Amino acid sequence: MVYDALVIGGGVAGMQCALVLGSAHNKPYAKDKKVGVIMHQRASHLQDALFNNVLGLSAGTLGRDILTEGKEQLNSLYPEVDQIENEKVISVLDHENGYKVTTNKNEYVTKIVVVALNYAKPFTIAGLEQYIERHSRANPMKDRIQLRNFNHLIKEGLYCCGTIAGWRSQFAIAAGSGASVATDILTLWNDNIATKVHDKVKAE
């Protein structure tokens, strides 16, 4: 399978990135772009979270419900985005057409990769080891890691977002990080014209 952008990770940062990319599917610069997200969630810290302090979420919202509802939201609003279930990424390697992403079941070629995994050890994706460093914002006692990046960009075509990009483990921060990467990708697709996507209520 060949993609223009492939997101690795189905937590808040990865799904938010995929939602923003999906929301641009009817724009001329994105309508022919193939987007996928590998929905690996087993290790997501969101599974055990309880939210009382997030704008727009009702007090008492559970992280596990956000994961379930987020998948449904992505599928119902933007079915053009492929949700790849029950696969774990083994390697991300350079390829003549961008990157080759190998999972325990398949191989994918993609022009852009977004790594949206959590910041816990061990981090075992081959091809990314050289970018691992100590997390700059986490409690040192927790021994967290991040991928070396500048404004989410590791190198051409390779991004990271959320805690693995060096951000704190806070819902709003992770979501914003995922959205930021998505708008950077949309800007790239739009001939580097600064781009964001907001749906609007149509006038009566």
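Quick notes on this structure:
- When the chain is treated as a Gaussian network with alpha carbon springs shorter than 10 Å, the biggest mean-square fluctuation among G60, G162, G178 belongs to G60.
- Annotation note: trypsin sites (Lys or Arg not before Pro) in segment 78-117 located in DSSP loop regions with a Cβ neighbour count of at most 12 within 10 Å are K105.
- At most 15 other Cβ within 10 Å, DSSP loop - trypsin sites (Lys or Arg not before Pro), segment 6-85: K31, K34, R42
- Eligible lysines near K31 by straight Cα distance, threshold 22 Å, same-chain separation 8 or greater: K71, K111, K196, K200, K202
- Percentage, to the nearest whole number, of Cα pairs in segment 68-204 over 24 Å apart: 37 percent
- Listed residues N97, F171, V114: farthest to the positive end of the dipole of segment 71-204 (Cβ charges): F171
- Here the Gaussian network model covers the chain, with springs between Cα atoms less than 10 Å apart; of Y99, Y108, Y119, Y108 fluctuates the most.
- Overall, segment 77-180 carries a charge dipole of about 560 debye about its Cα centre when +1 sits on the Cβ of Lys and Arg and -1 on the Cβ of Asp and Glu, all other atoms neutral.
- For the chain, modelled as a GNM whose springs connect Cα atoms under 10 angstrom apart, the maximal fluctuation among A172, A116, A24 occurs at A172.
- Computed magnitude of the charge dipole of the chain (debye, nearest 20; Cβ of K, R +1, Cβ of D, E -1): 460 debye
- Charge tally around L77: other residues with Cβ under 13 Å, Lys/Arg +1 each, Asp/Glu -1 each, net -3.
- With Cα atoms as the point set, the radius of gyration and Dmax of segment 1-128 evaluate to 15.1, 48 Å.
- Environment charge of E107, counting only residues whose C-beta is closer than 12 Å and scoring Lys/Arg +1, Asp/Glu -1: +1
- Under 15 Å, Cβ to Cβ, from R168 - net charge with Lys/Arg +1 and Asp/Glu -1: +4
None of the figures in this text is laboratory data; all of them are computed from the coordinates on show. Remember, predicted model here, so these are calculated numbers, not experimental data. With ideal geometry, Cβ positions are generated from the backbone for all residues, glycine too; neighbour counts draw on all protein chains shown.
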